[in-house]
Amino acid sequence: MMLRERAEIENQRKRLQRDLEQARKFANERVLGDLLAVADALGRGLAVANADAASLRAGMELTLKELERVMQAHGLSAIEPVGQPFDAERHQAMSLVDAPGQAPNTVVAVLQKGYLLNERLLRPALVTVARAAGA
């Protein structure tokens, strides 16, 4: 009886290990499947590379909107800090500038967007911040 129980425990451990490996292997399946639409749109844009600049721009804008839709559907949201107080938890100050009419320590420009994944910081926004008067 003891041998059978030990074998059953070992089999269960192996099943759990196999299930865990499968979960890791395919964890991004849904995200990557959704990104295929974006890849397809980029491919179509390249196929008409001889199109005029306005058509290429329109295609790129549509592709970007599709990518943003996919990102949002998977819990990714952009940090929109312009006009907000500098937040060291979500922003990385790249420079300080004189900005008349702006309160000190206010974000005045974004150099690179930051992103949150389900409200957890994935990448901070690289920002320019208003300098305090006389600083």
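We did not get these values from a lab; they are worked out from the coordinates using the rules stated. Since we're looking at a predicted model, the values are computed, not measured. Glycine gets a Cβ as well: all are built from the backbone with ideal geometry, and neighbour counts include every protein chain shown.
Worth pointing out:
- Amide H within-cut-off set for residue 123, under 5 Å, with H built and near neighbours excluded: 115
- J(HN,Hα) series, region 33-39, from Karplus relation 6.51 cos²θ - 1.76 cosθ + 1.60, nearest Hz, glycine and proline x: x, 5, 5, 4, 4, 5, 4
- Fewest-first sequence of 15, 131 by Cβ atoms within 10 Å of each Cβ: 15, 131
- Placing dummy labels 7 Å off each Cα toward the beta-carbon, the span from residue 74 to residue 19 is 2.5 nm.
- The long axis of helix 2-25 is offset from the longest Cα principal axis of the chain by roughly 30 degrees.
- Spatial separation of Cα centroids for region 22-52 and region 67-128, in angstrom: 26
- Computed from backbone phi with θ = phi - 60° and the Karplus coefficients 6.51, -1.76 and 1.60, the 3J(HN,Hα) list for region 81-93 is x, 4, x, 9, x, 4, 10, 4, 6, 10, 10, 10, 6 Hz; x is used for glycine and proline.
- Among 112, 72, 22: highest mean-square fluctuation, GNM of the chain, C-alpha pairs under 10 Å: 22
- Using θ = phi - 60° and Karplus 6.51 cos²θ - 1.76 cosθ + 1.60, couplings along region 60-66 (whole Hz; Gly, Pro as x): 5, 5, 5, 5, 4, 4, 5
- Beta bridge orientation in the chain: antiparallel %, DSSP, nearest 5: 65
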